[in-house]
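So that we are looking at the same thing, I have put the structure below in C-alpha cells.
The values are calculated or read from the model by the stated rules, or taken from the named source; none is laboratory data. Note that the structure is a prediction, hence the values are computed from the model and not measured. Cβ placement follows ideal geometry from the backbone for every residue including glycine, while neighbour counts extend to all protein chains displayed. We work out accessible area using only protein heavy atoms, side chains counted, and drop any ligands, DNA or RNA first. Shrake-Rupley method; radii C 1.70, N 1.55, O 1.52, S 1.80 Å.
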Amino acid sequence: MSRILIAEDEPRIAAFIDKGLRSHGFMTAIAADARDALMMAIEGEFDLMILDLGLPGKDGLQILEELRGQGEELPIIILSGRDDIQTKVAGFEGGADDYLTKPFRFEELLVRLRARLRGREDRTVSEEMILKVGNVILDLRTRKAKVGDRTVELPAREFTLAETFFRHPGQVMSREQLLDRVWGYDYDPGSNIVDVYVGYLRKKLGSKLIETVRGMGYRLRS
Ligand code: CA
C-alpha cells in the first residue's frame, strides 16, 4: 500500500484529497505547514508527496529545494493555484516530478500520482491493481474493464466511478459521496450526473451490477 504525504494548509482541499486517496486504497498523512512538510517528507517514509506551494512558514519551492538539496528523492507532485509559466519551470527545475494547477479534478491527480508511483509499484505484486466483483474485472494499470472475456473501454470518468464502487462492494454510496470522489469538490451537488454515469456503467458492465438504494444512493452488488 502506497503512503502519500499531503502538504496542504487549506483544510477543505487537504480533506478532499485525503478522503479521495484513502477511498482508493492509499495511506495518507497531512502536513499543514512548511515545517511539518519538511520533517515528514524526510522522516516519514512516504512514497510520494503532494506539495502546495503556498504553505505557512516557507514557500513550497523552497521546501522543494531543501529536500532535493539533502538528496531526498521522494517523488513530488506540486499542486498549486499558481499557473504562471515561471513558477512551473522553477518547480520542475527544482526537482518536482509533476505540476498540477488548482482547481483540479481528483481523477487527474489520481492518474498522475499513479503514473509517478508505477515505477515503484512494479517491484511488488500488483494484486491491488486488479479489482474483481462477480465476472467483472477492473485493471487499474491499463484502466480497462473486462466482463467475462470481453474487454470494455471506459472513458476516464466512468472508470473512476467504477473503481469507486469496486473499492466498496456491498456498501451504499450516496450521490454526494460519488460526486465528491469522482467529480471533485467544485461540482454542483444538484446535478444528476451521477445517475447518468451509473446508467452508462450498467449498460457497459451489466444492468444488475449496480443497484439503486431508494433515497440513499447506489450499491455495487458483492
Ligand atoms: Ca496554500
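State which residue is surrounded by the fewest Cβ atoms within 10 Å (Cβ to Cβ) when the search covers only segment 1-11 and only residues that are touching a residue at least 40 places away in the same chain (Cβ under 8 Å) and either within 13 Å of the ligand (Cβ to nearest atom) or assigned to a helix (DSSP H, G or I) (or both). Give the derivation first.
Within segment 1-11, the subset touching a residue at least 40 places away in the same chain (Cβ under 8 Å) is 1-10.
Next cut, either within 13 Å of the ligand (Cβ to nearest atom) or assigned to a helix (DSSP H, G or I) (or both) only: 6-10.
Details: 6: 26, 7: 27, 8: 23, 9: 18, 10: 14.
Of everything passing the filter in segment 1-11, 10 is surrounded by the fewest Cβ atoms within 10 Å (Cβ to Cβ).
Right, next: Got a number for residues in segment 156-197 being surrounded by fewer than 18 Cβ atoms within 10 Å (Cβ to Cβ), within 15 Å of residue 140 (Cα to Cα) and out of contact with any strand residue (DSSP E or B) (no Cβ under 9 Å at 6 or more places or on another chain)?
2
I've got another one for you. Has segment 12-24 got at least one residue that is away from the ligand (no atom under 12 Å from the Cβ), more than 21 Å from the chain's Cα centre (by Cα) and either among the basic types (Lys, Arg) or not in a strand (DSSP E or B) (or both)? Let's see the steps before the verdict.
First, pick out the residues of segment 12-24 that are away from the ligand (no atom under 12 Å from the Cβ): 15-24.
If we keep only those that are more than 21 Å from the chain's Cα centre (by Cα) too, we end up with none.
No, segment 12-24 contains no residue that is away from the ligand (no atom under 12 Å from the Cβ), more than 21 Å from the chain's Cα centre (by Cα) and either among the basic types (Lys, Arg) or not in a strand (DSSP E or B) (or both).
Matching residues to (1) away from the ligand (no atom under 16 Å from the Cβ); (2) over 18 Å from the mean Cα position of the chain (by Cα); (3) at pLDDT 95 or above:
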position	(1), (2), (3)
42	yes, yes, no
49	no, no, yes
53	no, yes, yes
71	yes, yes, no
78	no, no, yes
95	yes, yes, no
99	no, no, yes
103	no, no, no
107	yes, no, no
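Need the failing condition index for residue 67 against (1) more than 13 Å from residue 6 (Cβ to Cβ); (2) crowded, with 21+ Cβ neighbours inside 10 Å; (3) within 12 Å of the ligand (Cβ to nearest atom), just the number.
For residue 67, the failing item is (3).
Residue check, residue 99 against (1) of a type in the set (Phe, Trp, Tyr); (2) outside the structural domain of residue 10 (by TED's automatic domain parsing); (3) touching a Lys or Arg at 6+ places or on another chain (Cβ under 6 Å), all met but one. Which one?
Evaluating residue 99 over (1) of a type in the set (Phe, Trp, Tyr); (2) outside the structural domain of residue 10 (by TED's automatic domain parsing); (3) touching a Lys or Arg at 6+ places or on another chain (Cβ under 6 Å) leaves (2) as the failure.
Kindly check whether there is at least one residue in segment 92-106 that is touching a residue at least 40 places away in the same chain (Cβ under 8 Å), open to solvent by 70 Å² or more (accessible area, probe 1.4 Å) and either among the hydrophobic types (A, V, I, L, M, F, W, C) or over 15 Å from residue 6 (Cβ atoms) (or both). Full working, then the answer.
Start the filter on segment 92-106 by keeping residues that are touching a residue at least 40 places away in the same chain (Cβ under 8 Å), which leaves 96, 102-106.
Of the ones still in play, those that are also open to solvent by 70 Å² or more (accessible area, probe 1.4 Å) are 103, 105.
Now narrow it down to the ones that are either among the hydrophobic types (A, V, I, L, M, F, W, C) or over 15 Å from residue 6 (Cβ atoms) (or both): 103, 105.
Checking segment 92-106: at least one residue is touching a residue at least 40 places away in the same chain (Cβ under 8 Å), open to solvent by 70 Å² or more (accessible area, probe 1.4 Å) and either among the hydrophobic types (A, V, I, L, M, F, W, C) or over 15 Å from residue 6 (Cβ atoms) (or both).
Return only the number of the condition from (1) open to solvent by 10 Å² or more (accessible area, probe 1.4 Å); (2) part of a strand (DSSP E or B); (3) in contact (Cβ under 8 Å) with a residue 12 or more places away in the chain that residue 137 does not satisfy.
Failing condition for residue 137: (3).
Would you point out which residue out of 87, 28 is assigned to a helix (DSSP H, G or I) and among the hydroxyl-bearing types (Ser, Thr, Tyr)? Break it down into steps so the answer makes sense when it comes.
On the way: 28 fails: assigned to a helix (DSSP H, G or I).
Residue meeting the stated conditions: 87.
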